[in-house]
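What follows is one structure encoded as structure tokens, with my remarks underneath.
The numbers here are math on the coordinates, done by the rules we state, and not lab data. This is a predicted model, so every value here is computed, not measured. Ideal geometry is used to build each Cβ from the backbone, glycine not excepted, and the neighbour counts take in all protein chains shown.
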Amino acid sequence: MPQLKAILFDVDDTLFSTTEFARKARANAVRAMIQAGLDLPEETVTRELEEVLAEFSSNYEHHFDKLLMRLRPPSLARVNPALVVAAGVAAYHDTKFRELVPFEDVIPFFRALRKCGMRLGIITHGWTVKQAEKLVRLGLVPYLEPSSIFISDQLGISKPNPKLWTLALADMHLVPQEVMYVGDSPEHDIVAPRSLGMVTVWTSRAAKRPLEGTGIEPDHIVGDFRELAALLRERYGVKLEKF
């Protein structure tokens, strides 16, 4: 078995709970918009916002504007809609400042990996600035190789296209068997790297959908990074300190 030289990670729902964070941030935004003059029940606004997100995707930049266009409440005749949108945006970002944090075992795990000489990087899907901002806010940048951060939008290649992982391997001058990839989505994070011969790890703790029934078989399944650390020590001989 070739020696592992690098571990690459997905970001969303792998290094932090994107789903839980988004739920809190959107709920706070809806409440702030109501306080700013949007005179509708919270459940009604939330339901319509979820529909906007489903139709325009989470990466769209004007969710709240579209939300007000659709709701068209009489209350907006008495208040500037721009102030309602701004209240929602401010509340969303305030939540980001407070609650965008990694899982509690991420920083100790990354610190231990770097201490033993492992190369760490990222392969993530999303808009360049948004994904880069997450890495900064999560406090992960000091542990990552600057040349080993691969963002789909920045490269013009979307998950699950195997070219994304092929490009990363080429840039890092590594062969697939020397690299482990860790992610939460069976379809987006396991199939492509495994087809190339990389070591794949599915992490279950924040996965949006189960592995069961997909027919996809990662090399390893872990619940958290302490389990992954144990696997690295026992199966791959990585001299990793306990944390």
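Suppose every K and R has +1 on its Cβ and every D and E has -1 on its Cβ; what is the size of the dipole of the chain about the Cα centre, in Debye to the nearest 20?
Once rounded to the nearest 20, the dipole reads 520 debye.
With point charges of +1 on the Cβ of Lys and Arg and -1 on the Cβ of Asp and Glu, referenced to the Cα centre of the chain, which listed residue (34, 87, 240) lies farthest in the positive direction of the dipole?
Selected residue: 240.
Would you mind ranking 178, 212 so that the residue whose beta carbon has the fewest other beta carbons within 10 Å leads the list?
Ascending Cβ contact count within 10 Å gives the list 212, 178.
Want the number for residue 78 to residue 20: 0.36 nm per residue separation, take away the alpha-carbon distance, what's left?
Stretched out fully, the residue 78 to residue 20 stretch lengthens by 17.5 nm.
Give me the distance between the Cα centres of the stretch 51-85 and the stretch 173-222, rounded to whole Å.
37
Give me 66, 208 sorted ascending by neighbouring Cβ count inside 10 Å, so fewest comes first.
208, 66
How far, in nm, would the chain grow between residue 163 and residue 188 when pulled straight, counting 0.36 nm per residue and subtracting the alpha carbon separation?
7.7 nm
How high is the relative contact order of the stretch 19-99, in percent, counting Cα pairs under 8 Å that sit 6 or more residues apart?
It comes to 50 percent, rounded to a whole number.
Compute log10 of I(q)/I(0) for the chain with the Debye formula, placing one identical point scatterer on every Cα and leaving out solvent, at q = 0.10, 0.16 Å⁻¹, to two decimals.
Debye output, listed in q order: -0.54, -1.10.
Rounded to the nearest 0.05, what FRET efficiency do residue 47 and residue 217 have when you use their Cβ-Cβ distance and R0 = 41 Å?
The value I calculate is 0.65.
So how do 33, 180 line up by other beta-carbon neighbours within 10 Å, fewest first?
180, 33
Hey, what number do you get for the chain at 222 nm if only DSSP H runs of n ≥ 4 count, each worth -39500 (n - 2.57), divided across all residues, to the nearest 500?
Helices in the chain give a 222 nm mean residue ellipticity of -14000 deg cm²/dmol.
Please compute, for the alpha-carbon atoms of the stretch 19-99, the extent along each of the three principal axes and give them in descending order in Å.
Between the extreme Cα coordinates on each principal axis of the stretch 19-99 lie 33, 26, 21 Å.
Of the candidates 76, 120, 49, which one comes out as most mobile in a Gaussian network treatment of the chain with C-alpha springs shorter than 10 Å?
Its mean-square fluctuation being the largest, the pick is 76.
What are the lysines whose alpha-carbon lies under 17 Å from the alpha-carbon of residue 159, with same-chain residues fewer than 8 places away excluded?
Hits, sequence-local ones excluded: 130, 208.
Given R₀ = 45 Å, FRET efficiency for residue 196-residue 96 by Cβ-Cβ distance, to 0.05?
Here the calculated transfer efficiency is 0.85.
Let me have the relative contact order for the stretch 1-149, percent, based on Cα pairs under 8 Å that are six or more residues apart.
35
How high is the FRET efficiency between residue 55 and residue 129 when r is their beta carbon distance and R₀ equals 25 Å, given to the nearest 0.05?
The pair residue 55/residue 129 has a calculated efficiency of 0.65.
When the chain is fully extended, how far beyond the present Cα-Cα distance does residue 86 get from residue 234, taking 0.36 nm per residue of separation?
Difference between extended and current length: 48.1 nm.
Given a 10 angstrom Cα cut-off, can you work out which residue in 161, 28, 59 is the most mobile in a GNM of the chain?
Comparing 161, 28, 59 in the GNM, the peak value goes to 59.
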